[in-house]
Each structure stands twice: as structure tokens, then as C-alpha cells.
2 protein chains.
Amino acid sequence: MKCRRFSVALLCIMHYALCIGMSVTSPNGNIELKFSVDATGRPVYEMTYKGKAVIKPSFLGLELAKDKHASMGLNENDLMDGFSITKEETSTFDETWKPVWGETATIRNHYNELAVTLAKVFDIPKYTGDGTAPGTFLEPHQRQIIIRFRVYDDGIGFRYEFPQQEDLNYFLIKEEHSEFSMAGDHTAWWLPGDYDTQEQMTQETKLSEIRGRMREAVNWSNSSVAVFSPTGVQTSLQMKSDDGLYINIHEAACADYATMHLELVDAETKELTTQLGGGSNAYTPNPKHSPYPLPQPFTFVSHLTPDATGLKGAMQTPCETPWRTVMVSDDARDMLSNNLILNLNEPCKLEDTSWIHPTKYCGVWWEMIVGRGSWHYTNDYPSIHLDQIDWTKVKPNSTHKANNENVKRYIDFAAKNGLDEVLVEGWNVGWEDWANMWKRDVFDFVTPYPDFDIKMLTDYAHSKGVKILMHHETSSSTQNYERHLEDAFNLMNKYGYDAVKTGYVGDIIPRGDHHYSQSMNNHYLYVVKEAAKHHIMVNAHEATRPTGLCRTYPNLVGNESARGTEYEAFGGSNPDHTCILPFTRLQGGPMDYTPGIFVTKLSEWSNNTSWARITIAGSLALYLTMYSPLQMAADLPENYEKFDDAFQFIRDVACDWDDSRYLEAEPGDYITVARKAKGTDNWFIGGKCDENGHESVIKLDFLDKGRQYDCTIYADAKDAHYETNPQAYTITKKTVKAGQTLKLTEAPGGGFAVSLIARNEK
Amino acid sequence: MKCRRFSVALLCIMHYALCIGMSVTSPNGNIELKFSVDATGRPVYEMTYKGKAVIKPSFLGLELAKDKHASMGLNENDLMDGFSITKEETSTFDETWKPVWGETATIRNHYNELAVTLAKVFDIPKYTGDGTAPGTFLEPHQRQIIIRFRVYDDGIGFRYEFPQQEDLNYFLIKEEHSEFSMAGDHTAWWLPGDYDTQEQMTQETKLSEIRGRMREAVNWSNSSVAVFSPTGVQTSLQMKSDDGLYINIHEAACADYATMHLELVDAETKELTTQLGGGSNAYTPNPKHSPYPLPQPFTFVSHLTPDATGLKGAMQTPCETPWRTVMVSDDARDMLSNNLILNLNEPCKLEDTSWIHPTKYCGVWWEMIVGRGSWHYTNDYPSIHLDQIDWTKVKPNSTHKANNENVKRYIDFAAKNGLDEVLVEGWNVGWEDWANMWKRDVFDFVTPYPDFDIKMLTDYAHSKGVKILMHHETSSSTQNYERHLEDAFNLMNKYGYDAVKTGYVGDIIPRGDHHYSQSMNNHYLYVVKEAAKHHIMVNAHEATRPTGLCRTYPNLVGNESARGTEYEAFGGSNPDHTCILPFTRLQGGPMDYTPGIFVTKLSEWSNNTSWARITIAGSLALYLTMYSPLQMAADLPENYEKFDDAFQFIRDVACDWDDSRYLEAEPGDYITVARKAKGTDNWFIGGKCDENGHESVIKLDFLDKGRQYDCTIYADAKDAHYETNPQAYTITKKTVKAGQTLKLTEAPGGGFAVSLIARNEK
């Protein structure tokens, strides 16, 4: 299928007279965006929803960095103030487009736009040539930027655009200062702002409580921790106001730009010298001495991820920042059905997308995560030099799980249960000392361990209609990965792999860089683009949080970029975790959450004492509530075989959709969603709740009127509980039709899953 | 031709009883090396030549860096002191090997070796697991290193070796502390220690005068300047003692390790807080707080080039440092004939070297350097995005020199004059904004400008027996170069290019890295290895100074890595510059100096007022005195045509040799060398002097006895002078034979060149 626009775009450009203040409303009028320039020439915007303040007047601007090159002496002149408005354009846009895969068959992109051109005139000393001192006479210069707002019925996006111009060709970003001034002390669901990990538990506090919570919010034993401020948080940041507004701040289309964090800046953070945290991962932020005034209380200011030198980005005009997004509604369900971030991304750039397909998979993975097997093949070397080992002569350790026999077992399981692919981690040499060693040449991505017969196994899988899903752990040694990328993808093409799970565990090499910097964001997208040339789908783990780039490059079928199921083996995640992620992490794109744990007490089959905070019915619900075109059945085949009647739902459930209806939602409490399977009349419903349980009332008004559906309900049993009785579920079958109501009780940490198979007769 | 060893290696291993002090002498006894461990367990070595102190007792060791990963907590335990000797081995080695190309047909590698195993036992707190505090009980650990000395008749090399062991698998280097304690206040020929440029003029001062000279020694208008200390200097460092010893410190086989500088460390540098230099390139070194005692006066301490985080290297055992070399003689000529650095490198690792060939070339280069033409094709864009330009629609600037007509002119010139190749710079798109813009995607290395018809031109060249020499300017955007490397080399193979000149102008991308860091040294060698797979020779400019790796990878046929002829167009270099480089820069490998400027006053044909400080006869001498298998005739064809009788020498001179005899030498004053052309009986002699002129007396005792030679002498005319009369030369032909003497007068900034063609009859 090719990407294409569905309906005719309507574009109207209207010219207003220049003025100091201007406003634009959303198509239905619910949202109003005002823009002006203050007395010092600083750009200011504000935003309301149904007349309520969402963003109070907030400044916009970028602080630029000095560069040692004389020809760039211009650069230290900030794009913060001194602006005047030279042009404003408004327009309306309305089109409906078809995603290659998604929650709905079509997506409407309807907004009113305001583009303001701002000019800044300034003098700089003329460079006189000998390099030892600045010149003495002043030369006038002018810089223009455009701030573009798109105002939707459910939120806004804005970005900075930098046209190519004589006095702004290249510049270095010291910091972006986009402010988001909140109207009150909202409740926020937040992760500590961090340059290298997104895998902490979400905190729920008032904005005023962030500083006090920060130290305990960080799991300092995570070796990737690089927090930068006691009030720094990540996006997507979900908030709720005391008067019932749901507000979400994130970004869209972050491609060759640093990932944004948010920081509540007050006098204390502005002159920050204190050291955060304890333990070996303590991080000392640099003191800040911004010359610009303090923002209002409860104001978030953008904080970009730095490069190794502390700079936030190098830009060449014409260019633009990612979109900064503010979604808002008085109905929590609108936060989940919102398509603003996808809409703000560019249309699909791949000519041919026929090779991209939603995928259900299992894999050689969970048993190693839990600790019953190993990725590595031998225990005989304290460290490995890939070019110095003859693997045929190495003594195996007998714990290596990516072996022919075990992989065949998974292939058989996938074939038997209609799963499309089998992920195999640990198939390639280098796992003996792969992480956190600052080891550049850690993997070659083409050499299998001796007990993984790549030809035999791919032939075997293909003979059963199954594919193997490639795994490329990079250990964050990105230079090494890029050096081997073409050979690695050629190997995949040779053996018929069509998807790769990439991983970025550990510190970035080159040293000093961070997971969410401009250069790393460029790297992740480089890999996606190179993969597309090979017709390979990418599922990147530990990469930056997504921002909707999957619209433009739909072979980016998944990301981890948050605390996934693996943490259930590392001490566990709170039961409400999966009732928060759809409001936060999933805003930018699907997550490979690897759901489906049935045997939640890991000690039942391993030495691991950790346990998953979920019931079996809750696990089934995640295939609906955690939208992804890539869904794993993460537990072991033998564990599923013990609960084969419940596993029937995983066999049945789709992972691509023509329609989705969010029926109930409250951040951190519960989410209920109904989805219509792609190209069918069948619906699936999932409900997931937190540790308090939930009474779900589902009105089946989305079904075809008059039609009968075979309904199977996988529900928590009456005494089910995520801790004390997680495997208690009931399976009920009945016939239902439109207009009926299902009342389902979700146990603490539980949920439910429903399949509704349309009968042919109406 | 394949690399092979020539004679039988003799290896004797003798075991001594363990003792505190030990010594080993060179094969002829002239050099003695003593090693011991002092009372605090610090390794100490000293070195004498004919009984005179060369290196007074000097400490050895490495300071390690903390790493945040708990598993690497060991690492902060330095390898500086606390050592005891556990083993010592001595051996003798003598072999003669054949270089693929070089100054002599064979090279003898004859040394006595001392390898000392040192063990350090220490306790570290046991890590107790929660990441918030160190544990409380101490656990014993042991680390072993080997310091290996090779003692030659003309110098020593030593290195640190790190065997694989339980307590030393990975480590980060904070600094290497190899000391070189000089016996007096020697005269030194030095360049300011700098992380990013080697293109300054050499300074000649006493050691005690380095600090006072540093500020003026740096050309601060060079945008690459990154000096680090007022007493930091580069290697190879040539010195001369008051009692006539010539001493040179450099390194050998620096592959995956940071390039070494030397620093005279005293109380002032140890607590360094002052800012060096002026202008936009000022560099502020970090304060130093080494816990180790100050060394003796006149002691150099190694200072490695840092990565972006300030660390000096990441190591995995088994591994070793490069060799640190000290060459010594009481005859300056021995410093030039010395093969110690090549001998300390590994033998050739390329199976097939038949495709590697010494090369004489001209090129589309000097006219752009001088300013009469441009690398770039259009002036119409303030900046270029490679993926957004349709080059066929771009307006040409008419100054672009890599155009079909001009390139054909150079091809014709090369064909007519027996030159092998024609370098063409500026052939590929991207030169409009290529340097110092922090622009990552600056070149693609495969797309020619519209006026460079790559197929037509390579066909045309090949039809005349000439090749085009590829040019890859990377702008130091190494990630971009590596991404395109395979495509770029494939293009070269497709069109029959067999050599590439690479360039690394400007700041390294990723930002914060330096030209001479571990990662960049890895990059340069990566390119050489990848090129070898494509049978491509590499001539890298602005890369790190060579350390003899061309023995191991002889397709590395050249490097710039110093101030080359281009600076004659940027204000000029001192006349003694080429009388210093063979003692310093050329120790590690050949330099692509691009000699042969005949029209030295550039204003004669351009608007450039700079001028080359050399006579025409001096220019001819450089083809002998600046040894390289790659020799350019750098001036314009039309300039050579004005002096075609002198150009005859460039047509005649060889660039590969069976024998070389350094006849006269004094650093910074004069160098005279006779070389026997490969596979012939013909000799060529060159003499080059400084601004004071030189009377050269050449005894022809190296010629075949009784044989007659047709001798052509290209000499400065009586009134020749590099400034006032550079084009005054005489050409004299006569017949000579062995035993005769030539007396030749070199003008200020001049020299001479002699060809001696053996007659067939004896």
C-alpha cells in the first residue's frame, strides 16, 4: 500500500494588518491561541480551552552559543528578544489521510494556522582580521525567524522555523527557552528528566511537589541515570488541573534535534549548584546563569539534551525545531484518541510500504531476562576481542538460550499459535562482555554463535510460515553499529529477516554523548532510513521517546523508550504503570511493551523472586490498551500451555485496526478501549485498571446495528488480585448485539479482554 | 610483492634472578638502559649513550580514571606505584626485512629486549550492592603489567603491556605519566602541543625557554588551535645537547590509542589555571591536581590527547600502549637514517601488496590554494543542503577549477612528463560551505559537479596512461565519511582510481573530539584498512602525525600532518623549515609535502602576495631530502614550462629507493642525502639548506667502483637567494666516478639536486 492523502486539502491564506497581538482559534472554537511581542521584543503566547487558561502568557526563544570560528561570530546573538513582527499569515487546513498501520483506518488533520515572522535588528562588532581582538566599529545585521502555530480542536503545536538568510546560516543552540506556564498547581504524572534513561517509575505529584520527590523518584542503581535538575521532567508530561482539565506537553517530529525535557525554573534552579542524588550515578549539573528574567511560578521551560560539549544542537538554515505540543481536553478519553502528534509529522516518505506489516511474535527473551538462561555462549573469558576468538574452539556454557533446539521450540510454538515471528536474542557473538565496558567493537551483527545455525533455523521457520525477528543490541556503541550496518542488513536480506529489534543499553560511544541528543536522534532515524532501503522494519529499544516519526517512516513499527515488562523481573512495576503509559509514552508512537505474562510469580519457574503486578486477565487487556502494531506474547511457551484457554485471546486478537473507541479513561486509574480489527467487522475490547480495581460499564453502541456477535469475555475471577491471586480468571461466551451493555469487574491490578466476532448474517 | 621477513630471526630468552635494578645494553654496547622500582614501587628507567646520560632516572606509570559503573570500581586504582617486580625476561632479536616501499631495499631490526612484569597488590572496598554508598570490608586484588624495552644501537623503545587478567579487563586512562628526564637545558625544535593542529612553524629554543616562547609560537588565527599548556610540545621532538648529543622523542605504532604530547611539568603547570593565548581560539586548560610528586627539572611528561569528556582512552586487555621512542646519536645523520620507529611496528598485515606503488603526481590544487580558482562550483547559495540542490540548475561561478577542460590540461601535462597521477580537488559537490560550520552531512563523496565528467575524464586519463588521484575532504565530519565510505570506495573502483587524498580540515564532528584522540586515531586506521580491501592507497591530510604504521599497512603511502607547502601561499614558512621536518615530522613516516614550487613569488600569476622561501634548486632538492613514495609536482603546468630544463630533474627523479646515504645533516641548517633508485644503478643527490646557505662537500664513495656516471647538477647560481633571486640556477653536466668529490654551493634558502645515471659499460 502506498501512503497517500485521502481528501482534498483546503488551504486559505489570509493577510492581516500587522499588529502587536493576534489570536487564532481552533476549528470548533474550543481552543484559542494568542500571540504577541512584549515591550522588550520577546515573543509571548497563551492558550485557552473553553475559556479556561491552559498556558498562561509564556515566552518563546532560543539562546545561541558562541562558536570559536570568527565567521560564526554572529551566532552569540540570541534569538530571545529584540524582535518585532514583520508578517503574519493565517490559514486553514483539512485533510484526511490513511496511516500504513494504526488505531484507525483514516486520520483527520484539521487545524487553523498562524505563522508569525519576527525580525531582529542588531549591531555586532565588525571583525577586523588578526584574531586577537574584536573590531571597533559596529555593523548592522538582521535575523528573521518564523514561529508557526497549528491550532487543533484538541491541542496546539508550535515550532520555530529558521529561513535561510545572510545572517543566519549556521548556529549553535545553547538552550531553547520555550515556556509553558501552567495556570495552577496541577497534578502531574512525570518521569525524572534524564539524558539517558526513560525507564523509571512514573511519579504522580503536584507540580509544587516535584522538587521534593525527585531524589526518591530516581532509581540510582540504574547505571544509565543522568538526571540534570531537581525539577527536570520528561515529556510526554500528562497533567490534570484541579478544575478538570487534562493537559499534555510533548513534541512532534523530533528528527535531527535534541530531545526536549521540561524544567520548572525558579531562583533555585536558575543558580543551580547542588549535586543531585547519591551513589555512583550522581550527576552534577552545571551552574546556570541565564541573563533572562525568571518565569512565572509553575512554568516549565524547555531543556534540551546536550552533546558531549554541553551544547544542545548545531543547525543549518533553512531548518526548524520539532513541534512543541500542548494537548488539552476536559475528557481524559480525548487524550488517548488524540492524533495531534501524528498529524504534525510529515506524510509518509516511503514510496513502497507493501512490505510493512503489523506483527505478533514470541521470542527467546523472557527466560534470559528472568535469569534462567544467558545471551552469552561461554564463561571462559574475562573479556572478548571479537577478532581474536575462534568460536568453534570455545567451551559452551550450557546456559546459552539462542541454540538450535530452543529456537526450534519457539518456532514450533509460533507456528502452532499463528504468531508471525520469533525474536531470538543472543544469537550473535559478543555477549560475553557487551555492556558498560566502553567497548567500541562489541558486536559485528553477522556472526552467529556455533549453536545457532542461521541457515537451518531460517529455513525451518520459513517452512512453517514463521519468520525470525532479528536482534541487534548495539551496546550504544553507535559508531560500531553504523560501521557494520550495511553488512548486517545484507545478512538479514539474505536469510529473509524483515524486522529488527535494536537495543541501546549502556553509555553512548562516542563517550560524552547522550541517548537523547541531536546526534543520537539523527542516528536512530539514520538506521530507520537505511533499514527502509532493505525493506526492514525497526523496533528500537532504549532509543529516544518517539514523536510520531512513524507517520513519515512507517517501518519504525515500535520503540521501547519506557519501562517495559522486563522490569517485572527486576523488582516489578506498579499496577497503575500501564494505566499511565498510554497518556504519556504512547503519545508519540507505539511501544513494544512485551506484554502477556501469565505466570507472574517468576519463582514458580526460576530463581527470580520478582513478580509481575498484574492478573492474567489484565495481561490480556494490554493487547488493546497498549496500542502497538508489534505485539509480543512474552511469556514462555510452556507457561502459555498451562493456560491455553486464556491464550486463545492472544491467538485471536488483531494488532492493526480500522477503528478505535476509548470508552473509559483516567490517568493512572483505568483505561477501556474498543477496537475494530483491520478489514473485518470484529471488535476487541480491553480494560485495564490500577491497584484499586474498576467497575467497567461498556455500552456496545459501536457495533453494527442489528448484527449478532459471538462474544468471549476473559475477566478476572471474583477473588482475583494482582498479588494474591493473579491467575484467577473466567471465560464467558455469549451472543451480543449493538445497544447492549457489558458490566465487567476488574480486580485490583487486573482487567479484562473481550472478543466480538461478527456473525455473517445480520 | 608480498611482505616477508628476509632473514632468520634469532630469539634467545634468558631468565635472571629477580632483583631491584637491572640493565640491558644495545647490540654494540653504545646504549645502556637501566630499570628499577623505587621505594614506593614506582617504575624508574634511565638511559645512557656512550656513557653520557640521555634520560636521567624517570618514572613510568598510568593514572586511571573513575568510571561510574560499579563493575569497574576497580579502575580508579592507578598503575603508578606500589609495584614489585615479579618477572624479568631478556632476549635478542635480529632480522632483516623488506619494506614494500622505502628509503632502502632492506631494513635490519636488531635489538636486545628487557620485559619486566610488575605486580601491584591492593585492597578495595567491596561493593555491597545498593548503589548509594561504598561497602565497608576490604577485598585484596592484584594487577600485573609488563613494561617492555627494546634497546637498539641508535635508540630505545618501551611500552606498557596489559595482560588479560581478572582485575584488569577494562580501564579508562586519566593520563599516561611516562617521564623523559633530560640531562640538561638542551636546544629543542618544537611545535606547540595542540590537540588539533600540527601546522605551526617549528620553534628552536632551549628547554627553559619554551614557556616564554609559547604565546608567540602559536598562530592564533589558525581556527584549529587547541593548545593545552604553556610548556606542552609535540613529538617527534628533536633536541641537541650542549655536548653534542642528538636526542629525539616520539612514538611508534600508535593505532587505537591517543597521540602523545610532551609537557615540561613544574609547579606552575601542575596547578595550571592561567588562560593561554588570545583571540577567538584561546583555550583554557583544566586545573591539574595530580597527587604524584613533581618530576626533576627539564623533565617531559607524556600528555595524551583527550576525548570529548577529557579522558585519554578506554582500554580492554590484552592490549598495550604505543612504543615510546628515544633515538640518540652523536652524529645528526644517524637521526635521519634511523629505522627504529618502523622496526617497532608490526610487519605488514596485507597479504597482497602488488597494487601499492610509489607515485609522482601533479594536480588541480595549487591554483586554488593560491586563490586563483575555487573548489566550489556556485556562489549563489549562502549554504547548501546536499539533498535539496539540483546541481544541473545551479548557476556556475566560473572560478571552479575541477572542470573538464582544466583537468584535461593537467592530464595532458602528466602524460607528457611521465607523472603517474593527477590529483583533482573540488570535483565533488559540497564545497560551497564545507569548513568549520559544524555541518555533518557536508559531502557524499560520490556526486561530481556538473562540469566534472567523471567517466569521460577517467577514460581520457587512462587512454594516456595516467590515473586520477581521488580526493575526499571530510571536513572532519568523520561520522559522515564513515557512512559514505563504502560507496565512495566503490565509486573509485568503478572508475579505476587507486589512491585517495583524504582531508580533515576543521573541528571534529562529533563535537568535542580532537584530531589526535584515541577515537580519531582509530578512525584514520579504519579508513586505511577499509581502503586496503578495495586496493586503494591513502594519503591522509590533517590526520594525526604518523608513527610508522605504514610498515604494517603500506597502502598508507603518505600523510600531511605538518605545515606543508600550502603555507607558502598563506604567508610563507621559514627557509629552515624543510631542514627540520626530516628530523621531526618525517620520523614516523613520509610526508606529502607537495614540493616543487618554481614561481615562488605568487604575485607573478595571482593576487596572492605571499611567496615561497626557497630557490628553484632548493625546490628540486626536496624530492630527495623530504623522503616520500608520493611526490607531487605542485606548481602549475605553465610555470613548469617556463623552466623546462630544471623540470627535467622532476621528470627523472625516482620516488622509491634501494639505498639512501645521509651525507651531511644538522637540524635546521642543512641536509644532504644520496639515494639509489629502486631496481637501477642510478643515484640522485639532494642538498637543502636554511637561510644561511651551505657549502656541501660530497664524496662519491657510494658509487660503483670504476663505473662512469652521467652527472647532471642543478645548482643555485652564484647570486641566487630565496628572496631576491630564487630563479637563478645552473645546470651542469659532466661525467663522474666513485671516489670523486663534488663541491656545491647552496644559496641562502637554496639547495641542489644531482642525477647520476650509470653508464652501461663499467
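Under the definition of Cα pairs under 8 Å and six or more residues apart, what whole-number percent is the relative contact order of region B:358-449?
Over region B:358-449, the number comes to 39 percent.
Just for chain B, what percent of DSSP beta bridges are antiparallel, to the closest 5?
Looking only at bridges with both residues in chain B, the antiparallel portion is about 85 percent.
Of all beta bridges DSSP finds with both residues in the protein assembly as shown, what is the antiparallel percent, to the nearest 5?
85
Under 15 Å between alpha carbons, and skipping anything fewer than 8 positions from A:Lys395 in its own chain: which aspartates and glutamates qualify?
A:Asp380, A:Glu432, A:Asp451
What is the distance, in nm, between label points placed 7 Å from the Cα along the Cα-to-Cβ direction at A:Asp453 and at A:Ile757?
Taking the simple label geometry, A:Asp453 and A:Ile757 are separated by 3.8 nm.
With an 8 Å Cα cut-off and a minimum separation of 6 or more residues, compute the relative contact order for chain B in percent.
11
For chain B, which span is the longest to avoid every loop-located (per DSSP) member of chymotrypsin sites (Phe, Trp or Tyr not before Pro) having at most 11 other Cβ atoms inside 10 Å?
B:138-762
Which distance in Å, rounded to a whole number, links the C-alpha centroids of region A:630-665 and region A:703-756?
14
For a quick check: sort A:Val301, A:Val429, A:Val653, B:Val697 by the number of other beta carbons within 10 angstrom, fewest at the front.
Ascending number of Cβ neighbours within 10 Å: B:Val697, A:Val653, A:Val429, A:Val301.
For region B:310-355, which trypsin sites (Lys or Arg not before Pro) are both in a DSSP coil and crowded by at most 14 other Cβ atoms within 10 Å?
Here the trypsin sites (Lys or Arg not before Pro) that fit, given the DSSP loop and packing criteria, are B:Lys349.
Just want the ordering: B:Glu641, B:Glu560, B:Glu320, B:Glu542, from fewest to most Cβ atoms lying within 10 Å of their own Cβ.
Fewest-to-most Cβ neighbours within 10 Å comes out as B:Glu641, B:Glu320, B:Glu542, B:Glu560.
How many partner chain Cβ atoms sit within 10 Å of a residue's Cβ in peptide B:507-514, on average, as a whole number?
Mean shielding by partner chains, rounded to a whole number: 6.
Compute the FRET efficiency between A:Asp330 and A:Val121 as 1/(1 + (r/R0)^6), taking r as their Cβ-Cβ distance and R0 = 51 Å, and round to the nearest 0.05.
Computed FRET efficiency for A:Asp330 and A:Val121 comes out at 0.70.
So which of A:Lys401/A:Lys601; B:Lys676/B:Lys705; B:Lys642/B:Lys688 end up more than 19 Å apart by C-alpha?
As for pairs spanning more than 19 Å Cα to Cα, those are A:Lys401/A:Lys601; B:Lys642/B:Lys688.
Please compute the modelled spin-label separation between A:Gln740 and B:Asp81, points set 7 Å along Cα→Cβ, answer in nm with one decimal.
Taking the two extended label points, one gets 8.5 nm.
From the phi angles alone, apply the Karplus equation (6.51, -1.76, 1.60; θ = phi - 60°) to region A:195-201 and give each ³J(HN,Hα) in whole Hz, x where the residue is Gly or Pro.
7, 9, 9, 10, 9, 8, 6
Sorted from fewest to most neighbouring beta carbons within 10 Å, what does the list A:Cys362, B:Cys711, B:Cys579 look like?
B:Cys711, B:Cys579, A:Cys362
Per residue of region B:87-101, what does 6.51 cos²θ - 1.76 cosθ + 1.60 with θ = phi - 60° give for ³J(HN,Hα)? Whole Hz please, x for Gly and Pro, Karplus curve as stated.
Listing the rounded values in order: 7, 9, 10, 10, 7, 10, 9, 8, 8, 10, 10, 10, x, 5, 8 Hz.
From the residues A:Leu556, A:Leu602, A:Phe59, which one has its Cα farthest along the dipole of the protein assembly as shown in the positive direction, the dipole being from +1 and -1 charges on Cβ of Lys/Arg and Asp/Glu about the Cα centre?
It is A:Leu556, whose Cα lies furthest towards the positive end.
In nm, what does the list of distances from A:Asp704 to its counterparts in the other copies look like, shortest first, when each label sits 7 Å along Cα to Cβ?
Reported distances to equivalent positions: 10.1 nm.
Do the alpha carbons of any pairs in B:Lys439/B:Lys529; A:Lys529/B:Lys312; A:Lys349/A:Lys439 sit beyond 31 Å of each other, and which pairs?
With Cα atoms farther than 31 Å apart: A:Lys529/B:Lys312; A:Lys349/A:Lys439.
Extension gain A:Asp652-A:Lys206, at 0.36 nm per residue separation less the Cα-Cα distance, in nm?
That works out to 156.4 nm of additional length.
Along Cα→Cβ, 7 Å out, is where each label goes; now give me the distance between the ones at A:Ile389 and B:Glu405 in nm to one decimal.
Each label point lies 7 Å from its Cα, and together they span 6.2 nm.
For peptide B:164-172, how many partner chain Cβ atoms fall within 10 Å of a residue's Cβ, on average?
3
Would you calculate, for chain A, the mean residue ellipticity at 222 nm contributed by helices, counting each DSSP H stretch of 4 or more residues as -39,500 (n - 2.57) and dividing by all residues, to the nearest 500?
-4000 deg cm²/dmol, from helical runs alone.
Pop out the ³J(HN,Hα) list for region B:679-685 in order, Karplus 6.51 cos²θ - 1.76 cosθ + 1.60 with θ = phi - 60°, rounded to Hz; leave Gly and Pro as x.
x, 9, 9, 8, 10, 10, 10
How much length is gained on full extension from B:Ser23 to B:Lys52, taking 0.36 nm per residue of separation minus their Cα-Cα distance?
Length difference between fully extended and current span is 8.9 nm.
Put the label 7 Å from Cα along Cα→Cβ for B:Lys98; what are its distances to the other copies, in nanometres, shortest first?
Distances to the matching label points in the other copies: 7.0 nm.
Computed from the coordinates by the stated procedures, all read-outs in this text should not be read as laboratory data. The shown structure was predicted, so the numbers you read here are calculated from the model rather than taken from an experiment. With ideal geometry, Cβ positions are generated from the backbone for all residues, glycine too; neighbour counts draw on all protein chains shown.
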